[in-house]
Amino acid sequence: MKYPKLRELKEAIKAIIKGPYTTEFPFKPHKPFERFRGKPKFHEENCIGCGACFQVCPAKAIEMNDVGNKRILTVHWDLCIFCGNCQTNCLTEKGIMLSDEFDVSTTEKKEELKQEISKELVICEGCNKPIAPYDQILWVAKRLSALLFSNASLMLLYLKDMDLALKETLPYRDEFLRSDRIKVLCPRCRREAVIKS
Ligand code: SF4
Ligand code: SF4
């Protein structure tokens with residue numbers, strides 16, 4: 001007859017006293033351990049819409065679409081592999097963060113397995129095409145400090161944000177005048193405005 005090893009016997013006695021090691025999920029909520037990598041979630045107030053998370057996502061679980069004057073960012077939890085690349089590479093470090101939510105099963109529509117946020121885009125007053133998200137340009141402007149006044153677009157958006165410049169955009173014209181240099185312009189239109197006016 002074989003006798004159980006002492007170590008195994010000790011573990012068995014401990015398990016009888018402590019109770020089951022497993023949790024009662026799904027009947028009771030399960031709280032994962034610290035630093036668990038669960039569903040990545042956007043925190044809109046900290047996101048500047050730069051799209052870095054979209055660029056680095058290896059599973060293509062983050063979608064980015066510019067529609068009119070809005071940038072739409074969507075994270076699809078059913079495609080996510082919970083690698084954490086988006087959080088690590090987020091410019092603000094807290095625009096998207098992994099949560100402790102792990103349950104991605106649903107009997108409802110697939111649409112529930114995603115989160116969508118939108119950011120306002122700055123539109124070029126020359127060509128009417130989007131330049132970048134408003135929040136991203138302001139984020140850059142604030143970091144440049146006094147240097148931001150070397151770029152008319154940055155300066156204007158910064159002053160508009162502080163209510164020190166008119167918020168209205170000027171109507172689009174076919175050719176640039178000298179006064180157009182002090183406008184919110186994309187790099188291409190700025191070059192044209194400087195060369196042609
Ligand atoms: S955790 Fe990884 S796979 Fe999931 S959205 Fe972020 S970068 Fe993509
Ligand atoms: S700020 Fe962070 S969460 Fe927002 S788009 Fe950029 S990388 Fe993604």
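The values are calculated or read from the model by the stated rules, or taken from the named source; none is laboratory data. The shown structure was predicted, so the numbers you read here are calculated from the model rather than taken from an experiment. Glycine also receives a Cβ, built like all others from the backbone with ideal geometry; neighbour counts cover every protein chain displayed. SASA here: full protein model, heavy atoms, side chains in, ligands and nucleic acids out. Shrake-Rupley method; radii C 1.70, N 1.55, O 1.52, S 1.80 Å.
Does residue 53 satisfy being in a helix (DSSP H, G or I) and within 16 Å of ligand 1 (Cβ to nearest atom)? The answer is yes for residue 53. From the list 120, 175, 116, the lone residue that is touching a Pro at 6+ places or on another chain (Cβ under 8 Å) and open to solvent by 60 Å² or more (accessible area, probe 1.4 Å) is 120. Here is the figure for the range 178-197: residues that are within 33 Å of the chain's Cα centre (by Cα) and surrounded by fewer than 20 Cβ atoms within 10 Å (Cβ to Cβ) total 7. Give the residues of the range 69-113 that are in a loop (DSSP other than H, G, I, E, B), open to solvent by less than 40 Å² (accessible area, probe 1.4 Å) and within 12 Å of ligand 1 (Cβ to nearest atom), sorted by residue number. Those that are in a loop (DSSP other than H, G, I, E, B), open to solvent by less than 40 Å² (accessible area, probe 1.4 Å) and within 12 Å of ligand 1 (Cβ to nearest atom): 77, 80, 84, 90, 95, 99.
Here residue 125 passes the criteria (1) surrounded by fewer than 20 Cβ atoms within 10 Å (Cβ to Cβ); (2) away from ligand 1 (no atom under 14 Å from the Cβ) except the one numbered (1).
Given the options 115, 136, 87, name the one that is modelled with pLDDT of 95 or more and not assigned by TED's automatic domain parsing to the domain that holds residue 48. Step by step, each of 115, 136, 87 is checked, and only 136 is modelled with pLDDT of 95 or more and not assigned by TED's automatic domain parsing to the domain that holds residue 48. Among the residues of the range 31-50, the ones that are in contact (Cβ under 8 Å) with a residue 12 or more places away in the chain and away from ligand 1 (no atom under 11 Å from the Cβ) come to 10 in all.
Across the range 57-66, a minimum of one residue is classified as more than 14 Å from ligand 1 (Cβ to nearest atom) and farther than 14 Å from residue 41 by Cβ.
Looking at 15, 59, just one residue is farther than 27 Å from residue 139 by Cα and either outside any loop (DSSP other than H, G, I, E, B) or open to solvent by 60 Å² or more (accessible area, probe 1.4 Å) (or both), and that residue is 15. Return yes or no: is residue 157 in a helix (DSSP H, G or I), more than 16 Å from ligand 1 (Cβ to nearest atom) and either assigned by TED's automatic domain parsing to the domain that holds residue 183 or modelled with pLDDT of 90 or more (or both)? For residue 157, the condition - in a helix (DSSP H, G or I), more than 16 Å from ligand 1 (Cβ to nearest atom) and either assigned by TED's automatic domain parsing to the domain that holds residue 183 or modelled with pLDDT of 90 or more (or both) - is met. Residue count for the range 23-49 under the criterion of being outside any loop (DSSP other than H, G, I, E, B) and either away from ligand 2 (no atom under 16 Å from the Cβ) or among the acidic types (Asp, Glu) (or both): the result is 2.
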